[in-house]
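A short write-up of the structure that comes next.
A short reminder: the numbers here are calculations on the coordinates, not readings from a lab. Since the model is a prediction, treat every value here as computed from it, not as a measurement. In this analysis, Cβ positions are derived from the backbone assuming ideal geometry, glycine residues included, and neighbour counts consider all displayed protein chains.
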Amino acid sequence: MSGIRPFHPSNSNAFAMSRSAASPDIINISSAASEPSASARASSTSSSDDKVLHRFTSNLLAETSKIKVDQSEHGKRLNFLRREADRLEKTDWQYEPVEKLLGK
């Protein structure tokens, strides 16, 4: 096993030739992998814009729905209080006034 050396890029003749060759068809893989193409950047920007837009519209729809539910519930409470006030007015004659009970 003394003749087998572990692989290292500097040990490879093919790698050394590709590094030294100034051929335009050789691609520097490290820079190609680290820098996305213009279309990839545009699609990632578009997808991030879509995510922001989706989050904004979701929040807006939720807020709008909450406002409508709150208004509906408020209207129901007002209607209940109106019915209760009408019922109290109709049955007011059955009870003695509080002032008379307190002696004022």
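Each of residue 94 and residue 67 was given a label point 7 Å from its Cα along the Cα-to-Cβ line. The distance between the two points is 4.4 nm. Spin-label model, residue 101 to residue 59: label points 7 Å out along the Cα-to-beta-carbon direction sit 5.2 nm apart.
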